[in-house]
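Comments concern the structure below.
The values are calculated or read from the model by the stated rules, or taken from the named source; none is laboratory data. Since we're looking at a predicted model, the values are computed, not measured. Neighbour counts run over all protein chains shown; Cβ positions are idealised from the backbone, glycine included. These accessible areas exclude ligands, DNA and RNA; they are computed on the full protein's heavy atoms, side chains included. Shrake-Rupley method; radii C 1.70, N 1.55, O 1.52, S 1.80 Å.
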Amino acid sequence: MLSKRSLVGVRLNFHTLAVLFFMLIGFQAFAADPAVDSSDEAVAAGKAVYNANCKTCHKLDQKLIGPALRGATDRQPVELVKSFIKNSQAVIASGNEYYSDLYAEYNNTVMISHEFLTDDELNNLLAYIEYGDTVDPAAAAATAGGEGGAVTGAGGGIPNEYLTVILAVLVVVLLLILIVLGLIISVLTKYLNKQELDEDDQEFISQKFNLGKVLKSDGFIIIVTALVVALVAKTAIDGLYTVGVQQGYAPTQPIAYSHKLHAGTLEIECQYCHTGVEIGKSANIPSPNICMNCHAYVQNVQGAEGISPEIQKIYDAVDNNTPIEWVRVHNLPDLAYFNHSQHVKVGGIECQTCHGPIQEMEVVGQHSALTMGWCIDCHRQTEISTEGNAYYDKLVQIHVDSKDALKVKDIGGLECAKCHY
């Protein structure tokens with residue numbers, strides 16, 4: 001008699017495994033707090049805040065450096081979430097059990113404070129976290145199964161983690177296919193062994209598995225070659241995406257200048273030292289003379305006796321009439337044109353939008369990617385403040401019938417010649 005194990009059962013098990021696999025690729029459902037604004041305007045504004053401050057360490061539905069953000073207001077009250085975003089260490093120090101456990105889970109990695117975010121910006125950020133860029137799990141699973149997991153996004157390229165997922169899916173599917181084929185061969189072999197067969201057929205069925213022949217077979221060589229090519233291609237693509245990107249670059253400077261002390265504790269405005277930021281293309285690196293406006297009187301930190309060795313370096317530069325050789329941190333390619341005054345004076349953009357929480361940095365590093373995709377995404381999301389500026393009157397009149405607010409992209413912010421000249 002034939003075994004009770006049937007091919008129908010094998011097929012159903014395979015389908016079940018496949019469906020479960022695709023359903024478990026990072027999709028989770030959360031219920032947002034009803035107090036969170038779900039309007040398109042709030043979500044769009046929140047996306048700009050997210051891209052400027054959160055994107056480096058977080059994703060909405062997947063873990064990155066930090067936890068997935070979606071569902072934050074379901075796990076904790078809205079006001080507490082906002083407090084944690086502004087100053088995570090203060091909330092942890094208060095004894096909150098949930099955030100203390102979260103802090104420990106991620107190896108006590110300190111999240112930078114965002115005290116500079118207004119309440120409206122925080123509300124918009126939560127709107128994007130809960131309602132922005134949502135994906136239907138069933139549709140995404142069907143896409144992953146039927147089309148190889150194609151991914152689209154505003155960034156203009158395939159993120160590395162998606163390439164890894166695609167390769168993992170292909171490998172798992174291949175293994176499942178091999179398992180199913182093995183089961184089919186096993187069932188058919190048992191069935192045929194009980195039939196009356198001629199000598200040649202019996203010899204074929206009775207042949208033993210030969211690993212050497214499998215390793216030398218054309219099929220095995222093709223599969224291994226395809227996997228090697230795919231891995232090499234992924235490595236090459238990963239390398240190409242990092243060309244020219246210096247995110248996280250934080251060189252040692254000739255003087256241990258602390259932005260955390262000057263811009264944070266002492267609340268000195270960025271424009272006091274970087275004088276050209278509102279009137280010219282560049283922000284200007286301050287000369288020793290600007291430093292001496294304060295340090296002619298302040299000779300050490302927190303009232304300590306004597307002259308600080310770092311402050312002495314400023315005195316030496318002035319006495320010897322030599323410049324301080326600061327190491328440049330943010331360096332756009334020569335083919336890209338960027339004007340600080342256009343963004344800071346006219347656009348009203350805060351320094352932290354591009355440079356991150358500069359007031360919390362002991363050593364300044366490049367916070368944002370500063371890639372073309374990053375800039376374009378900002379131009380797509382940033383609304384223009386036209387009030388009191390007659391320059392925009394005609395543009396506002398032309399745009400009056402649009403349901404969306406006037407944004408940088410609507411006034412030529414996506415034109416190649418705006419940045420490449």
Problem set entry | Candidate set from the range 167-189 (those that are modelled with pLDDT under 85 and surrounded by 13 or more Cβ atoms within 10 Å (Cβ to Cβ)); member that is farthest from the chain's Cα centre (by Cα) | Ser186
Seminar exercise, completed: Within the range 394-421, the residues that are part of a loop (DSSP other than H, G, I, E, B) and either within 16 Å of Gln381 (Cα to Cα) or at pLDDT below 90 (or both) are Val400, Asp401, Ser402, Lys403, Asp404, Ala405, Leu406, Gly412, Gly413, Leu414, Glu415, Tyr421
For this session: Would you check if there is a residue in the range 252-273 being over 24 Å from Cys354 (Cβ atoms) and open to solvent by 80 Å² or more (accessible area, probe 1.4 Å)?
Result: no
For this session: Could you list all residues from the range 368-393 that are open to solvent by 60 Å² or more (accessible area, probe 1.4 Å) and at pLDDT below 90?
Result: Ser385, Glu387, Gly388, Ala390, Tyr391, Asp393
Problem set entry | Residue check, Leu370 under 26 Å from Gln271 (Cα atoms) and either free of Cβ contacts under 8 Å to residues at least 60 places away in the same chain or out of contact with any Pro (no Cβ under 6 Å at 6 or more places or on another chain) (or both) | yes
Exercise. Are any of the residues in the range 47-54 closer than 24 Å to Arg380 by Cβ, in a loop (DSSP other than H, G, I, E, B) and out of contact with any Phe, Trp or Tyr (no Cβ under 6 Å at 6 or more places or on another chain)?
Worked result: yes
Problem set entry | Which listed residue, of Glu362, Glu325, is in contact with a helix residue (DSSP H, G or I) (Cβ under 6 Å, 6 or more places away or on another chain) and charged (D, E, K, R) | Glu362
Exercise. Is it true that some residue in the range 317-330 is within 41 Å of the chain's Cα centre (by Cα), closer than 30 Å to Val408 by Cβ, open to solvent by less than 100 Å² (accessible area, probe 1.4 Å) and not acidic (Asp, Glu)?
Worked result: yes
Problem set entry | Number of the condition not met by Glu305 [criteria: (1) open to solvent by 60 Å² or more (accessible area, probe 1.4 Å); (2) within 30 Å of Ala168 (Cα to Cα)] | (2)
Exercise. Regarding Ser385, is this residue under 20 Å from the mean Cα position of the chain (by Cα), part of a loop (DSSP other than H, G, I, E, B) and in contact (Cβ under 8 Å) with a residue 24 or more places away in the chain?
Worked result: no
For this session: Output the residues belonging to the range 402-413 that are under 19 Å from Gly348 (Cα atoms) and either surrounded by 13 or more Cβ atoms within 10 Å (Cβ to Cβ) or in contact with an Asp or Glu (Cβ under 9 Å, 6 or more places away or on another chain) (or both).
Result: Ala405, Leu406, Lys407, Val408, Lys409, Asp410, Ile411, Gly413
Exercise. Pairs under 6 Å by beta carbon, first residue assigned to a loop (DSSP other than H, G, I, E, B) in the range 318-336, partner open to solvent by 100 Å² or more (accessible area, probe 1.4 Å), six or more apart or different chains?
Worked result: Trp326/Ile285
Problem set entry | Restricting the range 196-219 to residues that are open to solvent by 80 Å² or more (accessible area, probe 1.4 Å) and of a type outside the set (D, E, K, R), the residue that is nearest to Leu174 (Cα to Cα) | Leu215
Seminar exercise, completed: The residue that is nearest to Gln359 (Cα to Cα), considering only those in the range 80-108 that are among the polar types (S, T, N, Q), open to solvent by less than 80 Å² (accessible area, probe 1.4 Å) and part of a loop (DSSP other than H, G, I, E, B), is Asn87
For this session: Look at the range 276-297 and say how many of its residues are open to solvent by 70 Å² or more (accessible area, probe 1.4 Å), under 23 Å from Tyr315 (Cβ atoms) and of a type in the set (Val, Ile, Thr).
Result: 1
Seminar exercise, completed: Exception for Leu12 within (1) modelled with pLDDT under 80; (2) open to solvent by 80 Å² or more (accessible area, probe 1.4 Å); (3) closer than 26 Å to His367 by Cβ falls at (3)
Problem set entry | Selection status of Val245, open to solvent by 60 Å² or more (accessible area, probe 1.4 Å) and more than 30 Å from Cys291 (Cβ to Cβ) | no
For this session: For the range 197-249, name all the residues that are within 30 Å of His355 (Cβ to Cβ), assigned to a helix (DSSP H, G or I) and hydrophobic (A, V, I, L, M, F, W, C).
Result: Ile237, Leu240
Problem set entry | All positions within the range 340-367 that are polar (S, T, N, Q) and surrounded by 15 or more Cβ atoms within 10 Å (Cβ to Cβ) | Ser341, Gln352, Thr353, Gln359, Gln366
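To keep it simple, each residue is scored yes or no on (1) more than 21 Å from Val363 (Cα to Cα); (2) modelled with pLDDT of 90 or more; (3) aliphatic (A, V, I, L, M).
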residue	(1), (2), (3)
Gln253	no, yes, no
Ala256	no, yes, yes
Lys260	no, yes, no
Gln271	no, yes, no
Gly280	yes, yes, no
Pro288	no, yes, no
Cys294	no, yes, no
Gln299	no, yes, no
Ile307	yes, yes, yes
Exercise. Residues in the range 233-246: is at least one out of contact with any Asp or Glu (no Cβ under 8 Å at 6 or more places or on another chain) and at pLDDT 90 or above?
Worked result: yes
